[in-house]
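Just so you know, all these numbers are worked out from the coordinates, no wet-lab data involved. A quick note: this is a predicted structure, and the numbers were derived from the prediction, not measured. Here the Cβ positions follow ideal geometry from the backbone for every residue, glycine too, while neighbour counts run over all protein chains shown.
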Amino acid sequence: MRAAGRLLTAVALWSLASPANGHETRLAFLEVRALGAGDFVSVLKIPVTGATAWPIEVRLPATCAPRGPDRRSRQADSLVVEQRFFCDVTVGAPAMGLAGLAGGFVDVLVRVEDEDGNRLTRVASGPLTEIPLTPGSAGAWDRLALGVGHILGGVDHLLFVAGMILLVRGWRRLVATITAFTVAHSITLGMTVLGVVRVPGPPVEAFIALSIVYLAYEILRRDDAAAGSAKPWTMAFAFGLMHGFGFAGALLDTGLAGRDLPTTLLLFNLGIELGQIGFAAACGIVLWGCYRLLDTPDRRARLDHAAAYGLGAAASFWVIERVAAFWG
């Protein structure tokens with residue numbers, strides 16, 4: 001039990017010490033369009049944390065040369081860098097380089113479009129990635145992986161799922177609760193990306209952290225029949241609506257529009273569900289193993305309480321941090 005307590009404390013301290021990881025893996029967006037034979041324009045949209053943009057940069061191949069200086073502008077929480085360049089396509093198809101992706105906290109959704117409107121869509125990650133400036137497949141697997149990576153990189157979303165597993169007893173009630181959460185965030189994800197409704201991002205992120213604080217409180221009073229949540233799926237649905245706005249914000253940051261949008265929305269949401277199912281299954285196995293080791297109800301209850309306090313501590317820090325960010 002002491003070892004489990006130390007582990008939970010370490011997780012909470014790691015969360016507090018890593019505010020940049022409190023939300024999902026950030027998404028940058030690169031669009032490259034062919035204007036003519038060998039003539040290209042690129043638009044790179046880089047996430048900005050505070051006053052600092054992530055150090056992502058485009059590297060032109062030796063067969064390409066810029067046409068004038070870059071044009072830089074600030075749009076909301078992003079830095080936009082536009083560049084015009086010319087490539088000698090007679091020596092083969094050029095490949096643009098992307099540098100600055102080491103660490104795994106920023107992925108880049110890349111879209112390349114030729115003169116005829118044919119597109120290549122893919123996800124770039126890693127310390128150095130080459131992007132061929134010739135359209136290819138639709139990149140369905142990349143967009144599916146984008147959803148999986150988004151949920152697995154979103155510590156706050158994962159903590160909410162873990163909290164639901166701690167809160168709910170019985171696999172039928174657990175399935176109903178997770179299903180309610182899934183349906184709810186799918187609704188607001190779709191409505192936001194399709195332009196039906198828009199909610200500012202900073203308050204959404206603060207509310208997501210607050211939902212984890214409330215969930216931790218529900219775990220602590222779970223065994224009190226008079227005070228506990230009788231229908232946890234109603235709570236999961238309500239909070240799932242707000243989590244969907246958070247998912248949508250990440251997808252909107254990519255700048256996808258037009259004919260790419262419906263397919264990307266479907267694949268991104270499916271990827272989120274696959275990642276969520278995998279994480280929930282892993283949490284269930286770990287929790288089952290811990291309960292097997294802790295052979296008395298009292299020890300299991302202490303483990304649940306320690307986990308709830310860990311969730312609440314990390315989420316409370318995020319609430320303060322995020323509220324201060326949009327009020328400061």
Per-residue ³J(HN,Hα) for the stretch 85-93, Karplus 6.51 cos²θ - 1.76 cosθ + 1.60, θ = phi - 60°, Hz, x for Gly and Pro: 8, 10, 10, 7, 7, 6, 9, x, 5
Sorted by Cβ density within 10 Å, fewest first, the residues H305, H150: H305, H150
Per-pair calculated FRET efficiency, R0 = 45 Å: V183 and R71 via Cβ, rounded to 0.05: 0.55
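Given a Förster distance of 45 angstrom, what is the FRET efficiency for T90 paired with L270, based on the Cβ-Cβ distance and rounded to 0.05? Please list the in-between numbers first.
Numbers: r = 42 Å, r/R0 = 0.93.
For T90 and L270, the calculated efficiency is 0.60.
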V286-R302 pseudo-label distance in nm [points 7 Å out on the Cα-to-Cβ vector]: 2.1
Karplus 3J(HN,Hα) series, Hz, for the stretch 145-152 with 6.51 cos²θ - 1.76 cosθ + 1.60 (x for Gly, Pro): 5, 4, x, 4, x, 5, 5, 6
Under Karplus coefficients 6.51, -1.76 and 1.60, residue-wise ³J(HN,Hα) of the stretch 287-300 in Hz, glycine/proline x: 5, 4, x, 5, 5, 5, 6, 8, 8, 10, x, 5, 5, 5
Peptide ranges 53-59, 154-160, 291-297, 42-48 listed from the most packed, as the mean C-beta count within 10 angstrom indicates: 154-160, 42-48, 53-59, 291-297
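Rank by packing, highest mean first: peptides 311-321, 189-199, with packing defined as the count of other Cβ atoms within 10 Å averaged across residues. Numbers along the way, then the final one.
Values: 311-321: 19.6, 189-199: 15.8.
Answer by packing, highest mean first, reads 311-321, 189-199.
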Fewest-first ranking of R111, R300, R143, using other Cβ atoms within 10 Å as the exposure measure: R300, R111, R143
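Quickly rank 212-221, 74-83 as a protection proxy: mean count of other C-beta atoms within 10 Å, highest first. Working shown, then result.
Values: 212-221: 19.3, 74-83: 15.2.
Per-residue Cβ counts within 10 Å, averaged per peptide and sorted highest first, yield 212-221, 74-83.
What order do you get for T182, T264 when you list them from fewest to most C-beta neighbours inside 10 Å? Could the numbers behind the result be given before it?
Numbers: T182 20, T264 26.
The fewest-first ordering by Cβ neighbours comes to T182, T264.
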